[in-house]
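Asker: Here it is: the structure, laid out below.
The values are calculated or read from the model by the stated rules, or taken from the named source; none is laboratory data. Quick caveat, the model's predicted, so the values are computed rather than measured. All Cβ positions, glycine included, derive from the backbone under ideal geometry; neighbour counts span all protein chains shown.
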Amino acid sequence: MPLIKFRKKTSRSLRSHRTVRRGGDIQKLHIKVSSPRIVMIQIMNGIGKGLKLSIVFALIGLAAWGGYKGMRHAFIDNEKYKLQEIKLQTNGHLDHQRVVEVAGINLNDSIFAVNAEDARKRLNALPEVIDSSVNRRLPGTLKIKITERVPVVWLECDQLGYPGRKDGGILADKDGITFPCEGALWQTARDLPVIVLKESTVDDFELGKPMQHRDAMRALRLIQRFSNTGIRNDWLPERVILVNNYSMDAVCNDGTRATFGMYEHERQMRDFIKISEHTRKTQRNIQHINLIPKKNIPVRFAATPQLVQPNTP
């Protein structure tokens with residue numbers, strides 16, 4: 001009978017793989033050899049890699065710090081780039097002092113220390129500002145362009161504490177967006193017409209947003225219609241009073257009180273101009289006119305002053 005010799009293989013590797021057969025299936029066994037010396041070698045290898053990474057990160061950090069200091073010395077701390085001038089362009093009444101305060105600009109800083117985007121967002125947050133831009137112009141100029149809202153009416157409401165035509169009061173532009181009267185804006189807005197509301201809620205008016213009060217918006221459209229017709233200045237409304245939920249009174253510069261409805265303003269305006277022209281030709285003054293009816297419009301004329309002859313001795 002032939003003899004079969006089995007040779008035992010030895011290996012120096014720390015990990016060996018053996019294949020065994022169990023129940024006809026081939027399985028691989030992974031055998032890991034461990035000893036205190038091997039563990040120590042692995043730990044030392046890990047420490048060495050960690051030290052190398054730490055040195056690399058430290059060098060990167062030093063390079064970044066050096067670059068930052070160099071950039072700061074070359075630009076931020078350089079007197080050449082110190083903020084020297086602010087060029088303000090606006091269609092309204094925001095002045096340099098208010099713009100600098102709102103935008104959070106330090107006049108002693110370098111132009112590179114000014115956060116242009118943050119300054120723009122601060123300015124745009126003002127209710128009276130539509131849009132703005134902030135740009136640097138080297139070596140030391142900051143250019144600021146602002147588009148402000150143009151006021152067309154005042155708001156008066158005792159319930160909300162809106163004083164009407166008064167410095168510090170509430171204004172609205174052509175789109176009904178409300179904003180406060182501040183600074184030099186009073187000089188321009190002091191002669192604008194007033195919308196008078198008897199009742200309202202805080203939710204109807206939020207600064208920087210359109211009015212949610214429907215009748216106030218109708219009064220605004222009526223005032224704009226007056227302005228767009230090109231009529232005499234004496235017939236323009238000095239104020240529009242919201243009387244109830246179906247009518248409003250326009251008090252004109254000449255004292256005429258004209259009652260308008262909430263709708264059909266185009267037709268009512270034509271009637272107002274026609275009757276006003278007729279009374280002017282006949283040298284009479286209208287005290288009150290109700291323009292809501294389409295026919296037989298009621299008109300009350302002001303009494304003609306009686307001239308009294310003084311008694312002469």
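Asker: Identify the single condition in (1) charged (D, E, K, R); (2) assigned to a loop (DSSP other than H, G, I, E, B); (3) more than 28 Å from Ala103 (Cβ to Cβ) that Glu206 does not satisfy, given that it satisfies every other one.
Answerer: With respect to (1) charged (D, E, K, R); (2) assigned to a loop (DSSP other than H, G, I, E, B); (3) more than 28 Å from Ala103 (Cβ to Cβ), Glu206 is out only on (3).
Asker: So which pairs qualify, if the first residue must be in the stretch 161-185 and touching a residue at least 60 places away in the same chain (Cβ under 8 Å), the second must be part of a loop (DSSP other than H, G, I, E, B) and surrounded by fewer than 20 Cβ atoms within 10 Å (Cβ to Cβ), the Cβ gap must be under 6 Å, and the two must be at least 6 apart or on different chains?
Answerer: Gly183/His93; Ala184/His93; Leu185/His93
Asker: Here is a follow-up. Out of the residues in the stretch 118-160 that are of a type in the set (S, T, N, Q) and in a strand (DSSP E or B), which is surrounded by the fewest Cβ atoms within 10 Å (Cβ to Cβ)?
Answerer: Asn135
Asker: Consider Gly164 against the criteria (1) surrounded by fewer than 19 Cβ atoms within 10 Å (Cβ to Cβ); (2) touching a Pro at 6+ places or on another chain (Cβ under 8 Å): it satisfies all of them except one. Which criterion is unmet?
Answerer: Of (1) surrounded by fewer than 19 Cβ atoms within 10 Å (Cβ to Cβ); (2) touching a Pro at 6+ places or on another chain (Cβ under 8 Å), only one is false for Gly164: (2).
Asker: Right, here's the next one. Please identify the pairs in which a residue from the stretch 287-306 that is farther than 23 Å from Tyr263 by Cβ and at pLDDT 95 or above has its Cβ atom under 7 Å from the Cβ atom of a residue that is outside any loop (DSSP other than H, G, I, E, B) and among the aromatic types (Phe, Trp, Tyr), counting only partners at least 6 apart or on another chain.
Answerer: As it stands, the answer is Gln287/Phe301, since those pairs meet every condition given.
Asker: Another question, then. Quick one: Ala216 ticks every box in (1) assigned to a loop (DSSP other than H, G, I, E, B); (2) surrounded by 16 or more Cβ atoms within 10 Å (Cβ to Cβ); (3) modelled with pLDDT of 95 or more except a single one, so which number is it?
Answerer: With respect to (1) assigned to a loop (DSSP other than H, G, I, E, B); (2) surrounded by 16 or more Cβ atoms within 10 Å (Cβ to Cβ); (3) modelled with pLDDT of 95 or more, Ala216 is out only on (1).
Asker: If you don't mind, there's one more thing I want to ask. Name the residues in the stretch 127-154 that are of a type in the set (Val, Ile, Thr) and either free of Cβ contacts under 8 Å to residues at least 40 places away in the same chain or farther than 15 Å from Glu117 by Cβ (or both), would you?
Answerer: Result: Val129, Ile130, Val134, Thr141, Ile146, Thr147, Val150, Val152, Val153.
Asker: Also: Report, by residue number, each residue of the stretch 89-105 that is outside any helix (DSSP H, G or I) and touching a Lys or Arg at 6+ places or on another chain (Cβ under 8 Å). Let's see the steps before the verdict.
Answerer: In the first step, residues of the stretch 89-105 are kept if they are outside any helix (DSSP H, G or I); the result is 89-95, 104-105.
Gln89, Thr90, Gly92, Gly104, listed by residue number.
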